[in-house]
Amino acid sequence: MEECLFCTIARGAFGTEFLYEDDQVVAFEDLHPQAPVHVLVVPKRHFDNIVDGVPAEVLASMVAAAQAVAEKTGIASTGFRCIMNTGSDAGQTVQHLHMHILGGASLGEGLIAQR
Ligand code: 5GP
Ligand code: ZN
């Protein structure tokens with residue numbers, strides 16, 4: 001089976017700079033940033049999305065990554081948004097579980113059409 005894009009990035013094949021890495025996840029900048037800070041947290045193992053039987057240790061690492069990235073990019077105190085688009089109605093375009101971390105500007109109060 002062909003390897004997916006985020007599996008390839010997460011194993012370091014493209015030499016992507018990781019803002020955070022542990023045994024479960026990596027974090028790197030989004031190619032098309034939608035906010036001054038826009039980082040993706042991506043598990044090293046392939047899961048399609050958050051409803052694909054993701055083990056607790058992977059979820060724990062994703063949260064640890066969010067905290068580490070927020071601190072490293074200076075948005076921990078000003079606030080940020082964590083988004084996991086899941087399936088077609090949510091507009092998931094890459095079918096490998098990932099969490100967007102968005103911040104560095106006011107993102108407003110709405111939940112819909114904000115990312
Ligand atoms: P989704 O719409 O699936 O929630 O988010 C996918 C995200 O992956 C998009 O924000 C898109 O800009 C980002 N993306 C797609 N291809 C690449 C890539 O090759 N490198 C990086 N760094 N981000 C990517
Ligand atoms: Zn994958």
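The values are calculated or read from the model by the stated rules, or taken from the named source; none is laboratory data. What you see is a predicted model; the values in this text were computed from it and never measured. Cβ: placed from backbone, ideal geometry, glycine included. Neighbour counts: every protein chain shown. Calculation scope for accessible area: heavy atoms of the full protein, side chains included, ligands and nucleic acids excluded. Shrake-Rupley method; radii C 1.70, N 1.55, O 1.52, S 1.80 Å.
Overview of values
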read-out	value
Separation of the residue 106 and residue 17 label points, Cα + 7 Å toward Cβ, nm	3.0
GluC sites (Glu not before Pro) lying in DSSP loop within segment 4-36, provided at most 13 other Cβ fall within 10 Å	17
Solvent accessible area, Å² - residue 7, 1.4 Å probe, full protein context	20
FRET efficiency estimate (nearest 0.05) - Cβ-Cβ, residue 3 to residue 71, R0 35 angstrom	0.65
Counted charge near residue 44, where neighbours are those whose Cβ lies closer than 11 Å (Asp, Glu -1; Lys, Arg +1)	-1
Descending semi-axes in whole angstrom, ellipsoid equivalent of the chain, from the Cα gyration tensor	21, 17, 13
Principal-axis tilt of helix 56-73 within the chain, Cα atoms, nearest 10 degrees	40
Average accessible area per residue (Å²) across the chain - probe 1.4 Å, nucleic acids and ligands excluded	58
Accessible-area value, residue 5, 1.4 Å probe, nucleic acids and ligands omitted, Å²	90
Length added when fully stretched, residue 84-residue 31, from 0.36 nm per residue minus Cα-Cα	17.4 nm
